[in-house]
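For reference, the structure discussed in these notes is given below.
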Amino acid sequence: MSIVVQKYGGSSVADAESIKRVARRIVETKRQGHQVCVVVSAMGDSTDELLDLAEQVSAAPPARELDMLLTAGERISMALVAMAIAQLGEEARSFTGSQAGVITDDAHGAARIIDVTPGRIQSALDAGHIAIVAGFQGVSQTTKDITTLGRGGSDTTAVALAAALDADVCEIYTDVDGVFTADPRILPSARKLDVLSMEEMLDLAANGSKILHLRCVEYARRYGIPIHVRSSWSQRQGTWIKANPYEGEDAVEAPIIAGIAHDRSEGKITIVGVPDRVGIAAKIFGAVADAGINIDMIVQNVSAAETAKTDISFTLPKGDGPKALSVLQAIKGDVEYADLRFDDTIGKIALVGAGMKSHPGVSAKFFGALAEAGINIEMISTSEIRVSAVTRAEQLDDAVRAVHTAFGLDSTEDAIVYGGTGR
Ligand code: ASP
Ligand code: MG
C-alpha cells in the first residue's frame, strides 16, 4: 500500500467548517486505498495571535517558553482534525511532533531536524489508522525541550515525515492552486506553474516566496521527495516540484523564467568609508556571523583612488538589524570605518528560471523593465538561475508587476485566492 503524506496549512484548517472539509478529503484519500499521514498547521492566524499575546506579557519572552506556547497552536488543530475524521467513521490518532519522532537540535525558534524516528506513526498506519501530526515542532535531542522549526515550518515536518516513511509523495495543501509565477495576492494575473524544479523552488523560497518553507525544499531535494503543492478547496492539479522535470521520460521544455519572488522582510546595512585592506571583509562578516546573523546580498565597490576607502553594503533580516549594528560598533576601532547606516525600507525582487543558464539577455530585459517603470535599483546580485535587485520597499509591488509583464508571464485568467489573510 502506498503512503501519502498530506500537509494542511493554517488557512485550510481556519475554522470548524474548514476542518470538516479537510477531514473529508483525508478520508477520501484513505478510502482510495492509501495509508495517510497528515501534518497540520495551527488554525488560521493563531500562531501570530499567540505571538501577540506573548509580547503583551513580556518584552523578551524566553525562547523555551515561546516554543512551548506556539506549539500549542498545532496541538489544537491536530486533535480537532482527528475528531472530525472519527466523526466520518475512520480511526485517526493525533501525535505531537515529539511523539511522532521529530528530533531536532536545541535552537529554539529555528530548530533543525536531525532525525525522524516515526515508529508510532508507522504503527498507527499499519493498524489502519490515519495519523495526524502537529507540524512545526520537535523535541531537542540534547535538552528534551520542545522546539519549533521557524515560521512556516510545518512544510518541513511534512517532507521530513515523507522521507522517513518512504512516502510516494508529499502533498502540501494551501489556499491557492499551486506555485504561481508571482504572488497572486499582489498580482492576480500570475499564472499557475504545472511543474518546477527543486533548484528553482529553492531559489524562490530563499528569496521571499512564502508558498513553501525553505528547509522543506532543501530536505525534499536531499531525499528525492516529490512535492505537490495544491489547494485544499479545489480538486485541480497543483504544481509538481521534482528534481528534474525538464529531463527524462515526461520532460517538458524548461521555461526561461519560472517565476518572481519578492521580499519585504530584509533591511540593508551600509558601512561607510571602509579602508581597502586585506582581511577587512573577513573581520566584518566574521563578527556578523559570530552573532548568528544570516546575511544575504553583499555589495562592495572598488575604493576611490584618492582615499583608498570604499563602502560595503549587505542585506539581512530586518529584525537582526540592531544586533548587527551593535557587533559592528564593537569592531569600529579595529576596522576604522567612518560610519554605519541601517535602512529598513528596502524591497527585494528576484527573477528565477532554469532556462536563464542558456539564454542571454535576461538581465538586460529585467533592468529595462525596472527602468521603464521608474524604479531605481540599489543593489544587484545574480546566480546561474536568478537575477535579483533591491529597490525601495514602496516600489516593490510595481517592480514585480513590471517584470512579470516584461517577461510575458501574465495570464488572461485571474488567480483564485481561496482563503487566508496573507498575514
Ligand atoms: N503555524 C506555524 C506558523 O504560522 C507553522 C506553519 O504554519 O507552518 O508559522
Ligand atoms: Mg506556509
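Rule-based calculations on the coordinates, nothing more; no lab input. What you see is a predicted model, and the numbers here were worked out from it, not measured in a lab. Ideal geometry is used to build each Cβ from the backbone, glycine not excepted, and the neighbour counts take in all protein chains shown.
Between I132 and residues 5 or more places away or on another chain, which pairs have amide H atoms under 5 Å apart, with H built 1.01 Å from N, and which residues are they?
Here the answer is V38, R93, S94, F95, since their amide H atoms fall under 5 Å of that of I132.
Measuring from label point to label point, each 7 Å out along Cα→Cβ, what is the E413 to S265 span in nm?
3.1
For the chain, list the DSSP H helices whose alpha carbon atoms reach 24 Å or more along the long axis and whose average Kyte-Doolittle value is 1.0 or above?
none
Quick check: from the Cα gyration tensor, does the stretch 367-409 come out rounded (a/c under 1.5), prolate or oblate?
oblate
Determine the shape class of the stretch 104-176: with a ≥ b ≥ c the square roots of the Cα gyration tensor eigenvalues, call it rounded for a/c under 1.5, and otherwise prolate if a/b is greater than b/c, oblate otherwise.
Here the stretch 104-176 falls in the oblate category.
Which loop-located chymotrypsin sites (Phe, Trp or Tyr not before Pro) does the stretch 327-423 contain, where loop means any DSSP state but H, G, I, E or B and the Cβ has at most 15 other Cβ atoms within 10 Å?
Y418
Hey, which lysines would be in cross-link range of K20, C-alpha to C-alpha under 28 Å, not counting anything within fewer than 8 residues on its own chain?
K7, K30, K192, K210
Explain nothing, just the number: dipole magnitude of the chain about its Cα centre with +1 on each Lys and Arg Cβ and -1 on each Asp and Glu Cβ, in debye rounded to the nearest 20.
500
For every helix of n ≥ 4 consecutive DSSP H residues, a contribution of -39,500 (n - 2.57) applies; sum these over the chain, divide by its total residues, and give [θ] at 222 nm rounded to the nearest 500 deg cm²/dmol.
-10000 deg cm²/dmol
Shape of the stretch 24-160 from its Cα gyration tensor (a ≥ b ≥ c, root eigenvalues): rounded if a/c is under 1.5, otherwise prolate when a/b > b/c, or oblate?
Here the stretch 24-160 falls in the oblate category.
Over the stretch 235-377, how many pairs of lysines fall under 20 Å by alpha carbon, counting only those 8 or more apart in sequence or from different chains?
15
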